[in-house]
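Data block below; observations after.
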Amino acid sequence: PAEQLLYANELPEEGVEDMTRLNYLHEPALLANLRHRFARDHVYTYTGKICIAVNPFNWQVSKPLYVESLLRTYRRQALGELPPHVYAIAEDAYQRIADDGGSNQSVLVSGESGAGKTESVKIMMQYLAVVSMSGSQNRVASQVMATNPLLEAFGNARTSRNNNSSRFGKFIEIQFDSQRRMSGARIHIYLLEKSRVVQQASGER
């Protein structure tokens with residue numbers, strides 16, 4: 001019926017970077033913009049302060065997004081000043097730690113299996129390690145980054161949707177000293193999928 005039809009947005013060539021700026025906000029409009037941008041190799045899109053990442057499953061698309069020269073362009077840039085990127089989310093949290101008297105910040109990463117949650121966390125940790133080193137080697141940052149392969153070796157397994165799925169949740173608390181340099185970290189493991197300890201579904205490992 002005509003009364004159930006939704007208005008469509010007229011999108012620019014590269015789509016809309018922040019979907020709060022769309023003229024018509026409803027689920028099909030959001031998905032249409034994400035698909036439009038994904039077709040043009042734009043992996044990241046904002047919805048306000050939420051960064052939506054669409055896994056490209058293509059290293060040729062992903063590789064240029066994570067070179068160090070691009071990473072450093074996001075330093076001291078406010079959220080929204082540069083194209084959407086998970087670096088901007090990490091920078092926004094880091095700026096608030098540095099500028100708001102050291103107030104604690106949290107970043108929530110969520111999504112379906114295989115969406116890229118673990119990789120997104122790695123990328124943000126890499127960003128924080130680089131920007132907090134102040135030009136010198138930060139041993140703690142290297143140690144924090146080195147924990148991922150160890151945890152994955154114990155806690156990852158194949159599912160029907162993802163060959164390297166995290167079978168647990170992680171709360172990673174990153175600590176900074178008075179100079180805003182990474183000084184330590186604490187990792188809390190939770191939500192271990194105990195059901196898979198006693199049974200194995202078809203196609204899973």
Computed lengthening from residue 164 to residue 18, 0.36 nm per intervening residue step minus Cα-Cα distance: 49.5 nm
Karplus (6.51, -1.76, 1.60) ³J(HN,Hα), θ = phi - 60°, over segment 42-55, in Hz, Gly and Pro reported as x: 9, 6, 10, 9, 8, 10, x, 9, 9, 9, 9, 10, 10, 5
Give the longest segment of the chain that steers clear of GluC sites (Glu not before Pro) in DSSP loops with at most 15 neighbouring Cβ atoms within 10 Å, not counting the sites themselves. 113-192
For residue 179 and residue 122, extending 7 Å from Cα along the Cα-Cβ vector and measuring point to point gives, in nm, a value of 2.9
Cut-off under 5 Å, modelled amide H: who pairs with residue 52 long-range: 45, 46, 47
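Is the shape of segment 6-105 best called rounded, prolate or oblate, per the rule: a/c under 1.5 gives rounded, else a/b larger than b/c gives prolate, else oblate, with a ≥ b ≥ c the square roots of the Cα gyration tensor eigenvalues? Show your work: numbers first, answer last.
Values: a/c = 2.58, a/b = 1.44, b/c = 1.80.
In terms of gyration-tensor shape, oblate.
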Mind giving me the nanometre distance, one decimal, between the label points for residue 52 and residue 104, set 7 Å out from Cα along Cα→Cβ? 3.1
Rounded to a whole number, the Stokes-Einstein D of the chain in µm²/s (Kirkwood radius over Cα pairs; 4 °C; 1.567 mPa s) is 68
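Given the DSSP H assignment, sum -39500 (n - 2.57) over each helix run of at least 4 residues in the chain and divide by its residue total; what's the result at 222 nm in deg cm²/dmol, nearest 500?
On the way: 7 runs with 72 residues, N = 205.
Roughly -10500 deg cm²/dmol at 222 nm, from the helical runs in the chain.
Give me the extension gain from residue 152 to residue 11: residue separation times 0.36 nm, minus the current Cα-Cα distance, reported in nm with one decimal. Could you put the intermediate results ahead of the total?
On the way: separation 141, 0.36 × 141 = 50.76 nm, distance 4.02 nm.
Residue separation times 0.36 nm, minus the Cα-Cα distance, leaves 46.7 nm.
Restrict the search to segment 1-102; then list the trypsin sites (Lys or Arg not before Pro) that DSSP places in a loop and that have at most 16 other Cβ atoms within 10 Å of their Cβ. Don't jump to the answer; show the numbers that get you there.
Details: sites: 21, 35, 37, 40, 49, 72, 75, 76, 96; in loops: 40, 49, 75, 76.
When the trypsin sites (Lys or Arg not before Pro) of segment 1-102 are filtered for loop state and at most 16 Cβ neighbours within 10 Å, 40, 49, 75, 76 remain.
Grab the Cα-Cα distance for residue 139 and residue 31, subtract it from 0.36 nm times how many residues apart they are, and report the gain in nm with one decimal.
Computed gain between residue 139 and residue 31 is 34.7 nm.
Only the coordinates and a few stated rules stand behind these numbers; no lab work does. Every value quoted in this text rests on a predicted model; they were computed, and no experiment measured them. In this analysis, Cβ positions are derived from the backbone assuming ideal geometry, glycine residues included, and neighbour counts consider all displayed protein chains.
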